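Heads up, the thing below is written out as structure tokens.
Coordinate-derived values only; no laboratory data. These numbers were taken from a predicted model, which means no experiment stands behind them. Every residue, glycine as well, gets a Cβ built from its backbone with ideal geometry; the counts of neighbours run over all protein chains shown.
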Amino acid sequence: MADSGTIIRLLVEKFPSQVEAIELNPKQTAVQIDPRIVVAFFEFIKTHPDLKMAYLSSISGVDMTTNIDIVYFLSSIEYKHKLTVRTKVNRKGGKIDTISTVIKGANWFEREIWELFGVEFLGHPNLTQFLLPDDWDEGPPMLRDWTGRNFVKMPEIGG
Amino acid sequence: MRLELSSLLKVIGDWISSLGLPVWLVDLIEMCGAAAMVMGMAFLIILFLVWWERKLSGHFQQRLGPMRTGWHGWLQTIADGIKLFQKEDIIPKTVDRKVFYWAPVICFASSFAAFACLPWGKNLWPTDLNIGILYIFAITTFVVISLLMAGWSSNNKYALLGGMRSAAQIVSYEVPLTLSVLGVIVATQSLSMVAIVGAQEKVYNWFIFRQPLGFLIYLIAATAETNRAPFDIPEAEQELVAGFNIEYSGMKFAMFFMAEFLNLFLVSAVAVTLFLGGWHGPFLPSWLWFLLKAFFIVFVIIWFKWTYPRLRVDQLMEFCWKFLLPLAFLNLIVAGFLFR
Amino acid sequence: MGIISRVPVIAEKIPGGAIVATSLEKILNLSRASSMWYLLFGTACCAIEMMCTGASRYDFDRFGMFFRASPRQADLMFVAGTITYKMAPRVKRLYEQMAEPRYVIAMGGCACNGGPFYYDSYAVLKGVDLIIPVDVYLPGCPPRPESLMEACIKLQEKIKREKLQDWSSDKRG
Amino acid sequence: MREPAAGYSEEFEVNMGPQHPSTHGVLRLLLRMDGEIIKNAEPHVGYLHRAIEKICENRTYPQCIPLLDRFEYVTSMSTEEVFCLAAERIAAIEVPERAEYLRIIMLELDRIASHLIFLGTFSLDLGAITPFLYCIRERETIMDLFEMTCGQRLTYNYIRVGGVSQDIPEQFLPLARKFVDTFQHRVDDYEALLTENPIFLARTKNVGIVNKQVCLDYGASGPVLRAAGVEWDLRRDDPYSIYDRFKFEIPTGTVGDVWDRYMVRVRELRQSNEIVRQALDQLPTGDIKAKMKPLFKPPVGEVYARIENSRGEMGCHIISDGSTKPYRLKLRGGSFCHTQLIPEVAPGIMIADLVAMFASLDVILPEVDR
């Protein structure tokens, strides 16, 4: 069970300029990485002998109004330690490499982010219609400033 | 003392012939009378069996089964019938109309035609064909044709799969079925049902004791014949939605539904005639003994359905050709030696 | 069989014929009400409640209701669960495949008018009656098995009041 | 074999469509089949996508909980637990002892109820109709227990941020103890009906094998991962709440076929029963909710909490910006990854095996579509 200090030290050594540790409210090992090195980064943490972070829990897209954050959550079955990886992609027409070639499980997570946030995943096997109806033409709905034809906002009741 | 229906019928027969009608007319009336009685009996049996299966399945599963329509739901099947009678009779456009129309008719007619030579009681049978068993097995294979017609004509992938599966299953289970019956025929030296029943006067020479293996093979092959229980692959809800009768609604579906239960009763009636001594029994009237034994076998087959999971298609075929058939041949050889 | 709809007309002329017509109507309605075969179709949480209603403690079979897998043989459709825009055309096609005297029970808040997903959701159809005619609306999220039974009894009463109609004729192909 | 003419292909495509008796809800499997053998299966999802994550962005924390009950409606206690766990980690709230024990009792009873639904629908898909009715009969007693405490049979809305909403009534303990004592014999009944049944063995032994490598690649979790031989249970490997005070084993399979997944879940039924028994014995007294301001406003923060529910790892990623509403809520269910691995396992097996394999993955669709 490598503690968070050694994990971050290992990562920063491997990618000196593109990876830096970040502090989040409940203390956890979190890293901010440059979107260009995504594939190499995941290749490294999956195969490194004392990291072995092969188990991808989930990828979530977050619309931060200035850009779109993509947050990866990984853990290792042998060493039982966890890692949060954050990257930034610009809001309109953001592009990032797909990691489904490294970890097959990322396929559907990325496909959903592509559909709901409009982030382009280069090299993804099938970026096609996933959750939304087939004749959907109103753009990615999960963006905060999105409004659609029959979208009813809940009126504010105090609070 | 035992109120035999046959004596009543003889009185009616004598009265008709005494009317001085031409001979061929008298025979015609008697034949039509017999056919009408068997038709009535068949419909009564279907009504009873459908209700009985739903009550039995309910009590197997700790629930009550139909209760609301009449006392303990005895009117349930009549209500189902009248409702199906009113349903819209959909014939989809993309369907091969003639074949689609005639499939349920053939299915019902073939399983009903086999009732002709069932010995219901002491000299109480519609006809006594000297090739009784052969006639029954020959007629019931028409059901396969109708299932194939239904599967092929309703132009639906699931129905096609269901039809193909049912054809493969029934044809392959026909072989051990007839072989298991051959053991009995070797013993009685005659194909006629009445003769077979005649050979089983005493309880100890019922064929279930002299041919236990034959009875078991017959029972297994019979459940496969009627597409029920562990072998109900053609209309497996989980895989093929509703198998071959997916496109049928209203009365056409009712015909398939009734044909299934007619087949169920027919198979158990033949089991009773061959292995359980037909209508022989101590006190009760002979036709009552026949019905009681037949309903016992029906109960066992219904019991299979609500306990066993379903076999896969290739396992079913393997079980038939690699396990049941050698056993049937062995049983035939043993019967040959035993009753030389 | 176009005769059923002409029965009341003929019956008027015969003395005492009206009694025959009304009793025939009562029998047909009673049989349709007491043997409703429901279509096995549930999308969300209400499907679990429908399964529990079909099980031993609250038994549907007591009302003669038996589940059928194919829409052709079903004459009652429980819309149990949320209907999204992607699912709506399928629900409509399923409804059209059912044979004519067919009834729909909109089970649960989502089927009645979108339920808890009415506000702020871009993918939920606001009520199934926008696409298919509904006979009985059943509120609740999910409705208790007893209230599901109550809905079935309400539907049975509605069927018992129906007039003589002719469904099985082939006019409409 | 003769080369088929151009355009003419032996294979045909079948839609195991959104309405199908064995798809546990609304999943559409596009099967390309050659006779009975499946060439490839392509899952089409989204028929139950209700945009829960979009709705939760406009709801306060207590308002989100009823919505999460509808997210995963077979074990909705676990969705409430994971959401409250995440919120409590952000706001660093200490949950009192009695509330922790009540949560454990409810969670494990909910796991038993979910496994019973699995056992029922799994045996229904293999054609055995009666075990379904027996399992639902047991589940009704658990429903009574839940209804006694939180008033609703399916969507409980019982666990709140910082504790639980109500205390258990006095007739809860005797009924719960009676259930716990009799449940072992009930599981023996199911095993008697299914486990030694030769037809059941023939249908499940080394059918639909999901081996260790496929599981790790696709992030499978819970009974599917344990059936493949990986001993990974979040209750022990990523401990949360007070699971370290209870003794329970982690049942694992060997090959990862339909039989192993069935046996892992049946043994888990017995383990959960033991946990509930121990929790009922050690149940302390005390208040059931932490002291908090009525309006829950957590500080700025971000957390991904995950728990072990009956279908695997259920995760909840909350980003809070200090207001009363979560800025972003991302839910991860076990079934999402289990549906993803179907095209990897489906080619080459028969349609009956695909139905058995899909039922043994115990997938329910709201977890996939959210």
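For segment B:42-58, which residues satisfy the criterion of being under 14 Å from B:S111 (Cβ atoms) and crowded, with 17+ Cβ neighbours inside 10 Å? Within segment B:42-58, B:A42, B:I45, B:I46, B:L49 meet the criteria.
Go through the residues of segment D:243-264 one by one and say whether even a single one is within 9 Å of chain A (Cβ to nearest Cβ) and either surrounded by 24 or more Cβ atoms within 10 Å (Cβ to Cβ) or aliphatic (A, V, I, L, M) (or both).
no
Checked against (1) aliphatic (A, V, I, L, M); (2) within 18 Å of D:E80 (Cα to Cα); (3) within 11 Å of another protein chain (Cβ to nearest Cβ), D:I168 passes all but a single condition, namely (3).
Would you be able to say whether some residue in segment A:59-66 is β-branched (V, I, T), crowded, with 20+ Cβ neighbours inside 10 Å, at the interface with chain D (Cβ under 10 Å from one of its Cβ atoms) and under 24 Å from D:G222 (Cβ atoms)? Yes. Just the residues that are within 11 Å of chain C (Cβ to nearest Cβ), assigned to a helix (DSSP H, G or I), of a type in the set (A, V, I, L, M, F, W, C) and in contact with a Leu (Cβ under 9 Å, 6 or more places away or on another chain), please, taken from segment D:69-115. Hit for segment D:69-115 is D:F71, nothing else. Looking only at segment D:325-355, filter to residues that are more than 20 Å from D:A51 (Cα to Cα) and within 12 Å of chain A (Cβ to nearest Cβ); which one of those is surrounded by the most Cβ atoms within 10 Å (Cβ to Cβ)? My answer is D:H338. Within the set C:I159, C:I105, C:I153, the sole residue that is β-branched (V, I, T), surrounded by fewer than 19 Cβ atoms within 10 Å (Cβ to Cβ) and more than 9 Å from every other protein chain (Cβ to nearest Cβ) turns out to be C:I153.
Criterion applied to C:A74, C:A55 was being without any contact (Cβ under 8 Å) to a residue 24 or more places away in the chain and closer than 26 Å to B:G65 by Cβ, and the one residue passing it is C:A55.
Restricting attention to segment B:283-340 and to residues that are surrounded by 14 or more Cβ atoms within 10 Å (Cβ to Cβ) and of a type in the set (K, R), the residue that is nearest to the other protein chains (Cβ to nearest Cβ) turns out to be B:R310. In segment B:1-104, counting only helices (runs of 4 or more DSSP H) that sit wholly within it, the ones holding 1 or more residues that are out of contact with any helix residue (DSSP H, G or I) (no Cβ under 8 Å at 6 or more places or on another chain) span B:5-17, B:23-60. Here D:H185 meets each of (1) closer than 20 Å to A:K80 by Cβ; (2) of a type outside the set (A, V, I, L, M); (3) surrounded by fewer than 22 Cβ atoms within 10 Å (Cβ to Cβ) with one exception, condition (1). Residues that are assigned to a helix (DSSP H, G or I), farther than 30 Å from B:K157 by Cα, among the basic types (K, R) and out of contact with any strand residue (DSSP E or B) (no Cβ under 8 Å at 6 or more places or on another chain): does segment C:61-83 have at least one? The answer is yes, given that some residue of segment C:61-83 is assigned to a helix (DSSP H, G or I), farther than 30 Å from B:K157 by Cα, among the basic types (K, R) and out of contact with any strand residue (DSSP E or B) (no Cβ under 8 Å at 6 or more places or on another chain).
May I ask you to say which residue of A:K95, A:K153 is at the interface with another protein chain (Cβ under 8 Å from one of its Cβ atoms), surrounded by fewer than 17 Cβ atoms within 10 Å (Cβ to Cβ) and over 23 Å from D:L341 (Cα atoms)? Before you say what the answer is, go through the steps one by one.
Details: A:K95 fails: at the interface with another protein chain (Cβ under 8 Å from one of its Cβ atoms).
One residue alone meets the criteria, A:K153.
Within the span defined as segment B:284-294, every residue fails to be of a type outside the set (F, W, Y) and within 17 Å of B:N227 (Cβ to Cβ). Checking each residue in segment C:65-104 for being out of contact with any Gly (no Cβ under 6 Å at 6 or more places or on another chain) and closer than 30 Å to D:C64 by Cβ picks out C:F78, C:V79, C:T82, C:I83, C:T84, C:Y85, C:M87, C:A88, C:R90, C:V91.
Suppose the filter is assigned to a helix (DSSP H, G or I), in contact with a Leu (Cβ under 8 Å, 6 or more places away or on another chain) and in contact (Cβ under 8 Å) with a residue 24 or more places away in the chain; does B:F290 pass it? Taking the combined requirement at face value, the residue does not satisfy it.
Across segment A:97-115, the number of residues qualifying as touching a Leu at 6+ places or on another chain (Cβ under 7 Å) and not basic (K, R) comes to 8.
The residues of segment B:49-78 that are within 30 Å of D:S123 (Cβ to Cβ) and in contact (Cβ under 8 Å) with a residue 24 or more places away in the chain, listed by number, are B:L49, B:V50, B:W51, B:W52, B:E53, B:L56, B:S57, B:F60, B:Q61, B:Q76, B:T77.
The set of residues in segment D:198-222 being among the polar types (S, T, N, Q), buried (at least 21 other Cβ atoms within 10 Å of the Cβ) and either closer than 21 Å to D:D125 by Cβ or away from chain A (no Cβ under 14 Å) (or both) consists of D:T204 alone.
A search for C-beta distances below 6 Å between a residue of segment A:35-63 that is closer than 22 Å to A:L116 by Cα and any residue that is surrounded by 21 or more Cβ atoms within 10 Å (Cβ to Cβ) and charged (D, E, K, R), counting only pairs 6+ apart in sequence or on different chains, returns A:S58/D:R332; A:S60/D:K330; A:V62/D:R328.
The set of residues in segment B:78-102 being surrounded by 19 or more Cβ atoms within 10 Å (Cβ to Cβ) and more than 7 Å from every other protein chain (Cβ to nearest Cβ) consists of B:G81, B:L84, B:F100.
For segment D:199-291, please list each of the helices (runs of 4 or more DSSP H) lying entirely inside it that holds at least 2 residues being farther than 27 Å from A:K104 by Cα and without any contact (Cβ under 8 Å) to a residue 40 or more places away in the chain.
Details: elements: D:212-218, D:223-227, D:234-237, D:258-281.
Per the criteria, D:258-281.
For beta carbons closer than 9 Å, sequence separation of 6+ or different chains, a first residue in segment B:245-274 that is at positive phi and a second that is outside any loop (DSSP other than H, G, I, E, B) and charged (D, E, K, R), the qualifying pairs are B:G250/C:R72.
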